[in-house]
Structures are given as structure tokens and as C-alpha cells.
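Working notes, structure below.
The values are calculated or read from the model by the stated rules, or taken from the named source; none is laboratory data. The model shown is predicted, which means the values in this text are computed figures rather than measured ones. Neighbour counts are summed over all protein chains in view; Cβ atoms, including those assigned to glycine, are modelled from backbone coordinates with ideal geometry.
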Amino acid sequence: MIQSFTFDQFSSRVLDVYNKDKDSFWSAMMAPFLKGSIIKKFFRHKDIGLHFYTLFKDTDQNRKSYLKDKTAEFGFDINQWKSLKLKDEYFTDAYPVYAFLVIWMHENEVRVPLLRYGDMLRAIMCGIAGYGLLDVIVDKDLDFSAVELLTAQYLISEYEDKLLDVFGVSSAHLSILHRIRLKYLQAEIKEKSLRFKASPYQWNDPIECGYKAAHLLTPFMCSLSLIGKESSIQDYFDIFFMFGAVIQIIDDLNDIEDDLRIGHYSFPTLNTTVIDQLKHHNDFNSAAESIRRNIPHMKSLYNICEQLMNESKVKLAALEDPFLEKIVDITHLRMKSAFHDKWKIVTDEKKE
């Protein structure tokens, strides 16, 4: 099957498009978030869009065949598990992130991991599957499968082992893996212990929203030590947590109904009466809409996201990393599009 080679071709297929016309590449990446020019820009860059659509589709097929082979020794196909299917979006959301990582590695001359990008993607698929399964399992309280729990741990172990094989074993890399795993577990423990009780977040500390997806950062953070930027790792962590928190808040606003059903009171529920409302009725849809229709509250959420984006840009300017600035700009556009176009929130900036 052609798809079986996609992991090993991934970086070259990204760079073929990028190196052909860098300006068109970045324009195509930002086009979906620029209101009023979406159709025009889409057709201007349709070849780029089609290329990446095909690449990500092939990658997803490769992911499924790889994970099937990975779990065949246990006598099952993990792709058939409902618990993993619930996390399909974790994979599809990750493919553009790792396409960007190809460009960042290329421009920063991170040579060895770029040459072994296929092996790195195999590690990443194990990590996304393992952490995704774990997220579903811990949502089930007592009603979970021991096989699924053990498989999640197996895949996370494989993820870390394969990443260290690509990047090399060092105290810096071991520390990064430990810190990222610790952030994830601390966030999950806090969240699950407060189910149906309270929100695990604080209004004045929104950056915590970015911790659960921290495992996606591991290849990027390990790359820093290879190019002499080990002293900047903390600053990069802060930046990723900041714009990761913005992405999480947007996703939480989309998923309020589902979160409320399982007793998870996400960041957007803070400073609202939703938790009190649910003590008297279980109309999760109405409760969710009461948040999204609360204009002052939505403007406050917008301002928090805007502040996080601005702070991340200030840190990035000091680090002089123009290529990471690109993905932060794309995240910023995504945020503004969600609030202005989807939820129709008119901010002072939009009035101008």
C-alpha cells in the first residue's frame, strides 16, 4: 500500500510545497481565517490545499495500519475500539502541527530528527493513541477496561522510548519527557477529582488550560537542545502553554454540552451560574447556550485569550523565532475568527 510509506515521505512532501513558494504556503495556511477573502484565497492556493488534504489523508491511513500492526501481537486491532475512535480528532488536529514542525526543523537545521521524521511520527502516533485512550478511560470512573488501560500505558511507553531513540538520551530530554508527563497527570488528577463539584481552573490562571495537550510538544522541545537553545526551554514551554490554552478555551466553548454531561466544568463555566443551574435541572444544552449567549462573559473570555496571545508574542520577539511566530499568528487568527464570526462577539477591536 502507498500509505504504508507516508510517515517516511511526510517531511519531503511538506518541504516540496514549502520550498516551491514560501509566501504562497503561508498565505494558504492563513486564508481560512481571513473573513471576506476565504473563497478567493482558497482558489488561489487550491493546489496547496489539495496537496495537504491528500497528505493528511494518507497519513491517517498510515496511522491506522501502523497501530493495527502495533497491537496485533495482543490479538486485537486497536482501531476497532470505540474509546480510540472518540479521539480521532486528536490525530487529525495533530497532522498540521507536525507539518509545521517539519518547516521549523528545516529552517533551524535540526538535521538528525528531520532525517528520521518517519520514525518520529511512529512515536507520535503511539503517544496520541496512548494519551487519548487514557483520557477516555479516566472519564469512565469504575466502568473501564483493564486491557485498554494497560494498552494506553504500553503505547505511552513506546512513544517515549522511540522519541529518545530519535533525539538521543540526555538529561535534558529525560527532563522534558518527565515534565510533560507530569503536567498531563497533574491536570487530569485535578480535573477528575473535581467532577460534578467545581471547575479545576482559576479565572486568573488560564494558562493551565494548555497543560493537557503538552505531550504534543515533546519533539519540538527536544529539538531545542540540539540547536543550542536549551537555556530557552522554559520560555518555549510558556509560549506553547499560552497559545495552547487559547486553543483549549475555544474547543471548550464548542464542547460545553458534552463536558457538562460528564461533570467537567471547563474554563468557560467560571464566573457563571451554570453549576448552580445544573443542581436544579439537567438541561445541558440550555446551560451551554446560556454561556455562549452571555455577551459580557464571552467578551471577557475573548480578552483573556487576546492577552495570552499578546504575551506569547512578546516572549517570541525576545527569542527571535520568526517561524514559530507564524503558527502563533495562525492561532491568533483562528481565535478571532471563532469569536467574531462563529459566536458573533463584537469587540472594541472589531468595531474599528
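This table checks each residue for (1) surrounded by fewer than 17 Cβ atoms within 10 Å (Cβ to Cβ); (2) of a type in the set (V, I, T); (3) under 30 Å from S170 (Cβ atoms); (4) in contact (Cβ under 8 Å) with a residue 40 or more places away in the chain.
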residue: D205; (1), (2), (3), (4): yes, no, no, no
residue: Y211; (1), (2), (3), (4): no, no, yes, no
residue: H215; (1), (2), (3), (4): no, no, yes, yes
residue: I227; (1), (2), (3), (4): yes, yes, yes, yes
residue: S231; (1), (2), (3), (4): yes, no, yes, no
residue: Q234; (1), (2), (3), (4): yes, no, yes, no
residue: Y265; (1), (2), (3), (4): no, no, no, yes
residue: T269; (1), (2), (3), (4): no, yes, no, yes
residue: V274; (1), (2), (3), (4): no, yes, no, no
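Residues checked against (1) among the aromatic types (F, W, Y); (2) under 15 Å from W343 (Cβ atoms); (3) in contact with a helix residue (DSSP H, G or I) (Cβ under 8 Å, 6 or more places away or on another chain):
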residue: D251; (1), (2), (3): no, yes, no
residue: D259; (1), (2), (3): no, no, yes
residue: G263; (1), (2), (3): no, no, no
residue: N271; (1), (2), (3): no, no, yes
residue: A288; (1), (2), (3): no, yes, yes
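Specify the residue that is modelled with the lowest pLDDT; the eligible residues are those in segment 108-138 that are of a type in the set (A, V, I, L, M, F, W, C), surrounded by fewer than 21 Cβ atoms within 10 Å (Cβ to Cβ) and closer than 24 Å to K82 by Cβ.
The qualifying residue modelled with the lowest pLDDT is V138.
Taking the criterion of being touching a residue at least 12 places away in the same chain (Cβ under 8 Å), under 30 Å from D238 (Cβ atoms), in a helix (DSSP H, G or I) and over 22 Å from the mean Cα position of the chain (by Cα), would at least one residue in segment 278-290 satisfy it?
Our first condition is that a residue be touching a residue at least 12 places away in the same chain (Cβ under 8 Å); within segment 278-290, this holds for 278, 284-285, 287-288, 290.
Add one more test, that the residue is under 30 Å from D238 (Cβ atoms), and what stays is none.
There is no residue in segment 278-290 that is touching a residue at least 12 places away in the same chain (Cβ under 8 Å), under 30 Å from D238 (Cβ atoms), in a helix (DSSP H, G or I) and over 22 Å from the mean Cα position of the chain (by Cα).
Just for segment 342-351: of the residues that are at pLDDT below 90 and assigned to a helix (DSSP H, G or I), which one is surrounded by the fewest Cβ atoms within 10 Å (Cβ to Cβ)?
So the first thing to find is which residues in segment 342-351 are at pLDDT below 90, and the list is 346-351.
From what is left, the residues that are assigned to a helix (DSSP H, G or I) are 348-351.
Values: D348: 8, E349: 10, K350: 13, K351: 6.
Checking each candidate, the answer is K351.
Could you say which residue among S232, S157, S199 is assigned by TED's automatic domain parsing to the domain that holds T269 and either of a type in the set (G, A, S) or in a loop (DSSP other than H, G, I, E, B) (or both)? Steps first, answer last, please.
Values: S157 fails: assigned by TED's automatic domain parsing to the domain that holds T269; S199 fails: assigned by TED's automatic domain parsing to the domain that holds T269.
None of the other options fit; the residue is S232.
Matching residues to (1) of a type in the set (A, V, I, L, M); (2) modelled with pLDDT of 95 or more; (3) in a helix (DSSP H, G or I):
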site	(1), (2), (3)
K64	no, yes, yes
A72	yes, yes, yes
Y90	no, no, yes
A99	yes, no, yes
H106	no, yes, yes
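Could you please tell me which pairs satisfy a Cβ distance under 8 Å, a separation of 6+ or placement on different chains, a first residue in segment 143-158 that is within 13 Å of K70 (Cβ to Cβ), and a second residue that is of a type in the set (K, R)?
Listed pairs, sorted by first residue: L155/K70; I156/R181; E158/K70.
If D251 meets every condition in (1) over 15 Å from the mean Cα position of the chain (by Cα); (2) on the phi < 0 side of the Ramachandran plot; (3) not basic (K, R) apart from one, which number is that one?
Of (1) over 15 Å from the mean Cα position of the chain (by Cα); (2) on the phi < 0 side of the Ramachandran plot; (3) not basic (K, R), only one is false for D251: (1).
Does I239 satisfy being farther than 22 Å from E320 by Cα, among the aliphatic types (A, V, I, L, M) and surrounded by 20 or more Cβ atoms within 10 Å (Cβ to Cβ)?
Working: farther than 22 Å from E320 by Cα: no; among the aliphatic types (A, V, I, L, M): yes; surrounded by 20 or more Cβ atoms within 10 Å (Cβ to Cβ): yes.
No; evaluated as a whole, the condition is false for this residue.
Tell me, which residue of segment 202-217 that is part of a helix (DSSP H, G or I) and within 12 Å of the chain's Cα centre (by Cα) is farthest from E109 (Cα to Cα)? Steps first, answer last, please.
Filtering segment 202-217 down to residues part of a helix (DSSP H, G or I) leaves 206-210, 214-217.
Filter once more, so that each one left must be within 12 Å of the chain's Cα centre (by Cα): 209-210, 214-217.
Numbers: C209: 31, G210: 28, A214: 24, H215: 23, L216: 21, L217: 18 Å.
This residue is C209.
For (1) over 22 Å from V328 (Cβ atoms); (2) crowded, with 17+ Cβ neighbours inside 10 Å, each residue gets a yes or a no:
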site	(1), (2)
K68	yes, no
E73	yes, no
F76	yes, no
Q80	yes, no
K85	yes, no
F91	yes, yes
A94	no, yes
F100	no, yes
W104	no, yes
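What are the residues in segment 291-320 that are in a loop (DSSP other than H, G, I, E, B) and either within 19 Å of A245 (Cβ to Cβ) or among the polar types (S, T, N, Q) (or both), if any? Working first, answer last.
Residues of segment 291-320 in a loop (DSSP other than H, G, I, E, B): 293-294, 320.
Within segment 291-320, N294 is the sole residue that qualifies.
Give the residue, chosen from K326, K279, K313, that is of a type in the set (K, R), surrounded by fewer than 16 Cβ atoms within 10 Å (Cβ to Cβ) and not assigned by TED's automatic domain parsing to the domain that holds D93. Write out each step before concluding.
Working: K326 fails: surrounded by fewer than 16 Cβ atoms within 10 Å (Cβ to Cβ); K313 fails: surrounded by fewer than 16 Cβ atoms within 10 Å (Cβ to Cβ).
Just one listed residue meets the conditions, K279.
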